[in-house]
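Taking it in order: structure first as structure tokens, then the write-up.
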Amino acid sequence: MNEKKFVIMQGDEACAMGALVAGCRFFAGYPITPATDIAEVMSRELPKVGGTFIQMEDELGSAAAIIGASLAGVKSMTATSGPGFSLMQEAFGYASMTETPTVFVDVQRGSPSTGLPTKPAQGDIMQARWGTHGDHAVIVLYPSSVEEIYRYIVTAFNFAELYRTPVVFLMDETLGHMRESFYLPSPAEFDIVERIQTKELKSETVYQPFLENSELYDDIQPLVSMGKSRFHVSGLFHDESGFPVGESELASQLMKHFINKIKLHLDDILIYDTYMMDDAEYVIVAYGITARSAYRAMKLARANGIKVGMFKPITIWPFPSVPLKRILNKVSGIVVAELNMGQFSHEVSRINKRQVPMQTVLREDGQLISPFDIVDALTNLIGESED
């Protein structure tokens, strides 16, 4: 892992190996297709770097374990699929309330319930945002290649540390199980964010883990590891010390803090790629494995004289409203392709104030979307606009 070399790697393996580069030293999980390969790699590799792997009794226990490990000062991750992610939502909300840096990997499969365990889907888009109860901000990343998995899992850990929040890393069955070749980046190429801590505390110092307006990073407060200082952690609304409070004003202040620490840093958090948008009259929006078909569809349409570009969000949440609105102000039509019944396209419709004509290409049967399906939708869109 210290030299840059050409490798062939599976997506799940890339997720695990990239997490190690990011500094992950604790993994707790429970086997589930198609995410089990991540746990298998971590069980083999973590002990080699002084880390700890533990198979828990269930998914909720796994999520609770990584929260505890993170509070103890160790970068921590779990990996699951849709049914397991559903079971983790209570702990996910707790990590949000306690502002505990953690990474939750969800390798999506056909759903709902146990669905299609060995087939791809993108049905957890809304669950990743709204799966746990209450209002809170969330960061969700979704790569579209094995190399991007390796790179952006590092970003996921960095975001978790920077903003003291759980980060969701979405994949899908095809991405998790496919193998691709790429040049493995050396660890030196990555800017690794370590835990932001205060200066050494004296034994009599009262540490306030939820004190805002830190001098270190805007309104993101440092987090001292448990054992180095005594502090209280509660899922209840709490003051700067972590102890529960019932005052409405303090509750409101804390809720706004959860939102603002993400909202005020959108320029750093929103990651997306655009292709051939300079002269584009139409745009295809797709993410994850579907972005691969969308890119091919764009090339096919261009070869037939259609000026179409592509927008590929990597940060799914917060929703990339600003860059998408800029694109919608320029184009005459939009096609959204995804492996669900229209979860991301619903959000695109919500910000489509100009009512730009829009077509969706949706599949929910465990099969991938073909580039030709997207080209057909684009052709239909153009035909409707000319009528």
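Please compute the Kirkwood hydrodynamic radius over the chain, one decimal place, Å, based on all pairs of different Cα atoms. Before the final figure, lay out the partial values.
Working: mean 1/r = 0.0462 Å⁻¹.
With all distinct Cα pairs of the chain included, I get 21.6 Å.
When only C-alpha pairs under 8 Å and at least 6 residues apart count, what is the relative contact order of the chain, in percent? Display every interim value, and only then the final one.
Values: 801 pairs, mean separation 61.2, N = 387.
Taking the mean separation of contacting Cα pairs over the length of the chain, I get 16 percent.
Using a 1.4 angstrom probe on the protein heavy atoms only, could you order 130, 317 from most to least accessible area? Let's see the in-between values first.
Details: 130 130, 317 15 Å².
Per-residue accessible area, sorted high to low, gives 130, 317.
I need the calculated FRET efficiency for the pair residue 55 and residue 118, taking r as the beta carbon distance and R₀ as 25 Å, to the nearest 0.05.
Details: r = 21 Å, r/R0 = 0.85.
Calculated value: 0.75.
Taking amide H atoms as placed 1.01 Å from N in the peptide plane, list the residues 5 or more away in sequence, or in a different chain, whose amide H sits under 5 Å from that of residue 171.
Result for residue 171 returns 106, 107, 108.
Using θ = phi - 60° and the Karplus curve 6.51 cos²θ - 1.76 cosθ + 1.60, what whole-Hz ³J(HN,Hα) does each residue of the stretch 70-80 get, with Gly and Pro shown as x?
Ordered by residue, 3J(HN,Hα) equals 5, 4, 7, x, 10, 5, 9, 8, 10, 9, 7 Hz.
Rounded to the nearest whole Å², what accessible area per residue is found for the stretch 1-108 with the 1.4 Å probe?
Details: 3630 Å² over 108 residues.
Computed with neighbouring chains in place, this is 34 Å² per residue.
Mind listing the Cα extents of the stretch 251-387 along all three principal axes, in Å, largest one first?
55, 34, 24
Quick one: net charge of residue 341's neighbours, Cβ under 13 Å, K/R +1, D/E -1?
Details: positive: 363; negative: 124, 338, 364, 365.
Around residue 341, the surrounding residues sum to -3.
Kirkwood Rh, the stretch 1-106, all Cα pairs: how many Å? Kindly include the intermediate steps, with their values, before the conclusion.
Details: mean 1/r = 0.0727 Å⁻¹.
With all distinct Cα pairs of the stretch 1-106 included, I get 13.8 Å.
Counting only protein heavy atoms, what percent of the accessible surface of the chain is carbon or sulfur at a 1.4 Å probe? Intermediate results must be reported in sequence, preceding the final value.
Working: 8360 of 16580 Å².
Here carbon and sulfur together make up 50 percent of the probe-accessible area.
Using R₀ = 41 Å, calculate the FRET efficiency as 1/(1 + (r/R₀)^6) where r is the Cβ-Cβ separation of residue 186 and residue 351; round to 0.05.
0.55
Got a sec? What order do 369, 196 fall in by accessible area at 1.4 Å, biggest, i.e. largest, first?
Values: 369 5, 196 35 Å².
Putting 369, 196 in descending order of accessible area: 196, 369.
Output the relative contact order of the stretch 123-169, whole-number percent, from Cα pairs under 8 angstrom with separation of 6+ residues. Let's see the in-between values first.
Working: 32 pairs, mean separation 19.1, N = 47.
Computed over the stretch 123-169, the figure is 41 percent.
How large is the helix-only mean residue ellipticity at 222 nm for the chain, computed as the sum of -39500 (n - 2.57) over DSSP H runs with n ≥ 4, divided by its residue count, in deg cm²/dmol to the nearest 500? Let's see the in-between values first.
Numbers: 14 runs with 147 residues, N = 387.
About -11500 deg cm²/dmol.
Calculate I(q)/I(0) for the stretch 292-333 by the Debye formula, one identical point scatterer on each C-alpha and no solvent, and give its log10 at q = 0.33 Å⁻¹ to two decimals.
Values returned for q = 0.33 Å⁻¹ are -1.09.
Using a 1.4 angstrom probe on the protein heavy atoms only, line up 266, 141 by accessible area, largest first.
Working: 266 55, 141 0 Å².
From most accessible down to least: 266, 141.
The values are calculated or read from the model by the stated rules, or taken from the named source; none is laboratory data. Worth saying up front: this structure is predicted, and the values here are computed from it rather than measured. Virtual Cβ from ideal backbone geometry, glycine too; neighbours counted across all protein chains shown. Accessible surface areas use protein heavy atoms only, side chains included; no ligands, DNA or RNA. Shrake-Rupley method; radii C 1.70, N 1.55, O 1.52, S 1.80 Å.
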